[in-house]
Amino acid sequence: MNARRLAATAFATLLASATAQIATGQTATGPVHADLKNGGGQTVGAVTLTEAPKGVLLRIETKGLTPGWHGVHIHEKGDCSKADFTSAGGHTHGAAVAVHGLRNPAANETGDLPNIHVGADGAGAAEMFTTFTTLNALKDADGSAIVVHANPDDYMTQPIGGAGPRVACAVIK
């Protein structure tokens, strides 16, 4: 396919997507960038969230974390002011009683995400996609937070998959 035809196809796809969003009342939201901070307030990475037609794409980059797997969740409040990040509240969820776990058939938490792996040098990077929420929902009146935990999430255990203490937090507003 020549470059002009490829460019025309890409433009037509973009135009169709924008037209569909306008017709359905959806608004395109630009990416949201947030610093990931540790309990001491130092920046230990960054989070970028981008609205997609059926959910949210998250890119997480870390530095200075302990090597190994770490649970990652979306928390209900955009508040990382306490050093243990409990100010971010619990995971976002869609029911009065939250049921955790990507592998749990009864799960209803919209904040469940896959784990991120951090290498021996303390650096980690991952892209994740969730169909459980929208960027607008995450940017509600009190915002939300992306929280990285000390341990991996086992995707089943209640209430947080055994992910342990919160070690990094990014405010989404």
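Please report the net charge: other residues with Cβ closer than 15 Å to the Cβ of GLY94, K and R +1, D and E -1.
Summing Lys and Arg as +1 and Asp and Glu as -1 gives -4.
Using amide H atoms built 1.01 Å from N in the peptide plane, name the residues 5+ places from ILE172, or on other chains, whose amide H lies under 5 Å from its own.
Here the answer is SER144, ALA145, ILE146, since their amide H atoms fall under 5 Å of that of ILE172.
Provide CYS80, CYS169 in ascending order of the number of other Cβ atoms located within 10 Å of each residue's Cβ, fewest first.
The order, fewest Cβ neighbours first, is CYS80, CYS169.
Give me the three principal axis extents of the range 32-172 from the C-alpha atoms, as integers in angstrom, largest value leading.
Ordered largest first, the range 32-172 gives principal extents of 37, 30, 28 Å.
Straight distance only, please: which aspartates and glutamates reach the Cα of LYS82 with their own Cα at less than 17 Å, same-chain residues fewer than 8 apart left out?
ASP35, ASP142
Among THR130, THR62, rank each residue by its count of other Cβ atoms within 10 Å, from fewest to most, as a rough exposure measure.
So the ranking, lowest neighbour count to highest, is THR130, THR62.
What Kirkwood radius, in Å to one decimal, follows from the Cα pairs of the range 38-98?
So the Kirkwood estimate lands at 13.7 Å.
Computed from the coordinates by the stated procedures, all read-outs in this text should not be read as laboratory data. Remember, predicted model here, so these are calculated numbers, not experimental data. Neighbour counts are summed over all protein chains in view; Cβ atoms, including those assigned to glycine, are modelled from backbone coordinates with ideal geometry.
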